[in-house]
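A short write-up of the structure that comes next.
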There are 2 protein chains.
Amino acid sequence: MRRTSRDIRTANRYDVLRRIIAASPVSRQEVAAATGLSLATVATLVGELLDLGMLTEVGFEDSDGGRPRGLIAVDAAGGALIGVDVAETYVHVELFDLALNVLARADEELRPADSRPEEVVAHIADAVRSVVEQSGVPDERVLGVGVSMPGQVDREGGVSVYAPNWDWHDVPLLDLLAERVPYPLYLDNPLRACTVAELWFGAARGREDVVVVNLGTGVGAGLALGGALHRGITNSAGEWGHTTLVLDGRPCHCGNRGCVETYVGAPGIMQNLRELSPHSPLLHPDDQTATIAALAAAVAEGDHVAVAALQETARCLGAAVADLVNLLNPEMIVLSSWVAARLGQPLLHAVREQVARHALRRPLDAVEIVLSPIPSDPVSLGAATFALKGALASVGQKTAGRSATARRTNGAAGTPAGVAPSTTARTVRSTPS
Amino acid sequence: MRRTSRDIRTANRYDVLRRIIAASPVSRQEVAAATGLSLATVATLVGELLDLGMLTEVGFEDSDGGRPRGLIAVDAAGGALIGVDVAETYVHVELFDLALNVLARADEELRPADSRPEEVVAHIADAVRSVVEQSGVPDERVLGVGVSMPGQVDREGGVSVYAPNWDWHDVPLLDLLAERVPYPLYLDNPLRACTVAELWFGAARGREDVVVVNLGTGVGAGLALGGALHRGITNSAGEWGHTTLVLDGRPCHCGNRGCVETYVGAPGIMQNLRELSPHSPLLHPDDQTATIAALAAAVAEGDHVAVAALQETARCLGAAVADLVNLLNPEMIVLSSWVAARLGQPLLHAVREQVARHALRRPLDAVEIVLSPIPSDPVSLGAATFALKGALASVGQKTAGRSATARRTNGAAGTPAGVAPSTTARTVRSTPS
């Protein structure tokens, strides 16, 4: 499975744009130095992105007496990207400009009773419509919508293969969504989204071997190995939450026992607390978010039960993170998602202590363990970058925004129109009127 | 950490030679098709390897009425490679021709009392001398010696960083060995060696995402991700034997508790048997090899205790292999090393059953679990390929065999002479006479 020259071109285009987003304004020479690509290649790719209106020329800089160098910057208004974070209890949607600034946000609550696919799709569509309306961005400027769906997903098919918390199996999510959302759609899961967000904007910028540990209701590990996502042969790598920490331990919804997730996911942490203090006032039996928030507040006040529950969680989490350190020998582990954000520094310190107890010296000495520094939602940010990558993959076939306009003009009145298809994008199907 | 053009050239040279070894005789056109390299690149690399005497022209084939195509083959006599498998209880050394046929073997037993570095080095040097003498290959034709050392190794420094069974820390193994072995030396560990052997010659030919599970006294996992070895940031990836299977479980020599190795390494299997039947006649308390052999024979005869011990081992091993399936989503898991070879099909079947019980459906459906098909010792074979890769890395600087001859001629009489250095080779130091 060698990469084709087309794949390489898309990857180079993505890499160039990423560097320009990180350092606008910047010269082609600087981009060439940062990416390792030749100046000629960079000039060609920059030319394409200028033609698409994704970049803009912003002047010249002196170059030590030589010819002044042209400076380029991302054209923030050159397109909009939408990132959708579907979680067990909410849908969070953000609309970004091309510099990845947030222009609008929308949230929809998902109650346990709302978990049928049609209902989840309706919430996503409502939130997407809301952010586009709030931002005032015209439809044809929306380059795409990246959707992060928990569990295992088939990216190419746009299918939620298995969503454990709702027991979804093989739900054709993008097909359902395409009936209500008139933009190119891209699917992946929160592990990938968080990891890409860390690589582009977070703690892992410039790093090669990084594991992003996602602590939420479910838990998992996004793997960036050799500087790129490791997806596995069927895009389901990273199910660290379903590796065994305690053989014959707590039952897990996956059917196994003793999975990491049953000890360090939000419900697992609640169970740790319950086993220490069955009637703790910190416990909100039907509300994970409230319980974790109460636990964090009580830890800050030095509450003994809360500190003990945090320690027990860190003991399990530390052993499981040490497994990642020993097996993969990464240079960095990033603790991400809402549980990590809530429990913050006290969790980080306790985990570092436990990892030091469990990991082998050599990989331990080589690894940094940090909290995600991304201030907003890394999942929607990462999901938006999938849409950006998808849009870049279709450059050169037909340019994204333009072909959408063209098709809309040619299509049936009132029919949502798609954008140039790429191999990984599911474009909107025209519903015959 | 982008690869330099020199790295890429070495990798391409290695890839070309690997294809030719696999399919001699072969045309340049076929090599180009198999490697994805251009015909011009292949022609240049083949030219270099012909100049070095590693390949030979062997005639022509018709090409459907076009010009006859030249056929090339590996020149088996073009050099010799030595692979050293250092294990807890033995040193096994093989000398290979360039087609990777075994020309000579030597074994040295390591008794528990022989485990000081100087003693192990003496055994290695004796065995290396023995295979060279047996084969009659002249010194200047020995392209290099690959040494596989259990535990964690620093390849560039040639140091055994941590060898758990002997409690070695930071032993400068190649420096010690260079005083007694007059060939270029390359160090790595058995996980890497077995994995390369499977990729080149074994079950994993042509595969991208493969885990080679090494079951011996110690256990570990060689990771081939995206078709290449994943080494980790300090070359210590793969310490799956020291991931936690049972939190607070059996004590492990690494200082942790409940490590996978304590349940499925040879001593762990002995413990499984002992817990089922403390006085089992299958147990040879001081002899792992004899115990595993007795267990395998008793399983074949349907002995109840032996079958139960195998099942309990498979239960632990299955859960731990399922962790690899869920975390890495590989297309293949290869069970390798002497314990896997001894317990064979009954272990394989029991492990497959247990993995099916523990792994998630999607990655489970995508993975094949097989026994290593390599009939000889995969570790010495893999170690020899490290020496081959090292020799290829020095092509173009100075050619390997020739520069050795040149230096020997110029060097002090009786002084062992080295071969052109490469970044990963530790060349022999000339001891001033």
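How do B:ASP286, B:ASP51 rank by accessible surface area computed with a 1.4 Å probe, from largest to smallest? Could you put the intermediate results ahead of the total?
Working: B:ASP286 155, B:ASP51 105 Å².
Reading off the accessible areas and sorting them downward yields B:ASP286, B:ASP51.
Would you kindly work out the equivalent ellipsoid of the stretch B:5-74 from its C-alpha gyration tensor and give its semi-axes, the square roots of five times the eigenvalues, largest first in whole Å?
Working: eigenvalues 80, 35, 20 Å².
Equivalent-ellipsoid dimensions as semi-axes: 20, 13, 10 Å.
Find the centroid of the Cα atoms in the stretch B:206-233 and in the stretch A:142-198, then give the distance between the two in whole Å.
Each part's Cα centre sits 30 Å from the other's.
For chain A, compute Rh as the Kirkwood radius over C-alpha pairs and then the Stokes-Einstein diffusion coefficient at 4 °C and 1.567 mPa s; write the answer in µm²/s, rounded to an integer. List each step's numbers first, then the result.
Numbers: Rh = 22.7 Å.
Translational D for this selection: 57 µm²/s.
Have a look at B:GLY59, B:GLY227, B:GLY255 and tell me which one the Gaussian network model of chain B (Cα, springs below 10 Å) gives the largest fluctuation.
Of B:GLY59, B:GLY227, B:GLY255, the most mobile in the Gaussian network model is B:GLY255.
Only four residue types carry charge here, +1 at the Cβ of Lys and Arg and -1 at the Cβ of Asp and Glu. Report the dipole size of the stretch B:13-62 about the Cα centre in Debye, rounded to the nearest 20. Don't skip to the end; give the middle numbers.
On the way: 4 positive and 7 negative charges, 45 e Å.
Using only the charged Cβ atoms, the result is roughly 220 debye.
Counting only other chains, what is the mean number of Cβ atoms within 10 angstrom of the Cβ of each residue in peptide B:161-170?
On the way: counts 3, 3, 0, 1, 0, 0, 0, 0, 1, 0.
Partner-chain Cβ atoms within 10 Å, mean over residues of B:161-170: 1.
Check each of the GluC sites (Glu not before Pro) in the stretch A:228-306 and keep only those in coil by DSSP with at most 15 other C-beta atoms within 10 angstrom; list them in order. Could you put the intermediate results ahead of the total?
Values: sites: A:GLU239, A:GLU261, A:GLU275, A:GLU301; in loops: A:GLU239, A:GLU301.
In loop regions of the stretch A:228-306 (DSSP not H, G, I, E or B), the sparsely surrounded GluC sites (Glu not before Pro) are A:GLU301.
Distance between the C-alpha centers of the stretch B:252-274 and the stretch A:68-134? Whole Å please.
50 Å
Could you identify which residue out of A:GLY206, A:GLY241, A:GLY144 has the top mean-square fluctuation in a GNM of chain A using Cα springs shorter than 10 Å?
A:GLY206
Just counting partner chain Cβ atoms within 10 Å, what average do the residues of peptide A:218-229 show around their Cβ? Don't jump to the answer; show the numbers that get you there.
On the way: counts 0, 0, 2, 1, 0, 5, 0, 8, 7, 2, 2, 0.
Across A:218-229, the average partner-chain Cβ count within 10 Å equals 2.
Rounded to the nearest 500 deg cm²/dmol, what is the calculated helix-only ellipticity per residue at 222 nm for chain A, with -39500 (n - 2.57) per DSSP H run of length n ≥ 4? Don't skip to the answer; put the middle values down first.
On the way: 14 runs with 184 residues, N = 433.
It lands at -13500 deg cm²/dmol.
Classify the protein assembly as shown as rounded, prolate or oblate, taking a ≥ b ≥ c as the square roots of the eigenvalues of its Cα gyration tensor: rounded when a/c is under 1.5, otherwise prolate if a/b is larger than b/c and oblate if not.
Values: a/c = 1.96, a/b = 1.27, b/c = 1.55.
Because a/c hits 1.5 or more and a/b fails to exceed b/c, the protein assembly as shown counts as oblate.
Summing +1 for each Lys or Arg and -1 for each Asp or Glu, what net charge is found among the other residues whose Cβ lies under 12 Å from the Cβ of A:ALA22?
Numbers: positive: A:ARG18, A:ARG19, A:ARG205; negative: A:ASP15, A:GLU30.
Net charge around A:ALA22: +1.
When you look at the Cβ of every residue in B:254-261, what mean number of other chain Cβ atoms sits within 10 Å? Kindly include the intermediate steps, with their values, before the conclusion.
Working: counts 5, 4, 7, 2, 5, 3, 3, 0.
For peptide B:254-261, the averaged partner shielding equals 4.
Cβ under 12 Å from B:ASP377's Cβ, B:ASP377 left aside: what net charge do those residues give with Lys, Arg +1 and Asp, Glu -1? Write down the numbers at each step before the final one.
Numbers: positive: B:ARG105; negative: B:ASP85, B:GLU94, B:ASP107.
Local net charge: -2.
Got the B:PRO285 label distances to the other copies yet, label 7 Å along Cα→Cβ, in nm, shortest first?
5.5
What figure, in Å² to the nearest 10, do you get for the accessible area of B:ARG180 with a 1.4 Å probe and non-protein molecules left out?
For B:ARG180, the solvent-accessible surface is approximately 110 Å².
Given a 10 angstrom Cα cut-off, can you work out which residue in B:GLY66, B:GLY302, B:GLY78 is the most mobile in a GNM of chain B?
Between B:GLY66, B:GLY302, B:GLY78, it is B:GLY66 that shows the largest mean-square fluctuation.
Over the stretch B:203-373, consider all pairs of different Cα atoms and compute the Kirkwood hydrodynamic radius from their mean reciprocal separation; express it in Å, one decimal. Could the numbers behind the result be given before it?
Numbers: mean 1/r = 0.0619 Å⁻¹.
With all distinct Cα pairs of the stretch B:203-373 included, I get 16.1 Å.
Give the separation of the Cα centroids, the stretch B:34-67 to the stretch A:1-53, in Å.
The two parts, judged by their Cα centres, are 35 Å apart.
Could you tell me which trypsin sites (Lys or Arg not before Pro) in the stretch A:98-174 are loop residues by DSSP with no more than 11 other beta carbons within 10 angstrom of their beta carbon? Provide the component values of the computation, followed by the final result.
On the way: sites: A:ARG105, A:ARG129, A:ARG141, A:ARG155; in loops: A:ARG155.
Taking the stretch A:98-174 and a limit of 11 other Cβ atoms within 10 Å, no loop trypsin sites (Lys or Arg not before Pro) are found.
Considering only the label points, 7 Å along Cα→Cβ from Cα, what distances in nm to one decimal separate A:GLY36 from the same position in each other copy, shortest first?
Ordered by increasing distance: 1.6 nm.
Taking a label point 7 Å out from Cα toward Cβ, give me the nm distances from A:ASP62 to the same spot in the other copies, shortest first, one decimal.
Label point to label point, same position, other copies: 7.3 nm.
Could you order A:THR195, B:THR89 by accessible surface area, starting with the largest, using a probe radius of 1.4 Å? All intermediate terms of the calculation are to be shown ahead of the outcome.
Numbers: A:THR195 0, B:THR89 60 Å².
From most exposed to least exposed: B:THR89, A:THR195.
The values are calculated or read from the model by the stated rules, or taken from the named source; none is laboratory data. Here the structure is a predicted model, which means the values were calculated and not measured. A quick note on method: Cβ atoms are made from the backbone with ideal geometry, for glycine too, and the neighbour counts reach across all protein chains shown. Calculation scope for accessible area: heavy atoms of the full protein, side chains included, ligands and nucleic acids excluded. Shrake-Rupley method; radii C 1.70, N 1.55, O 1.52, S 1.80 Å.
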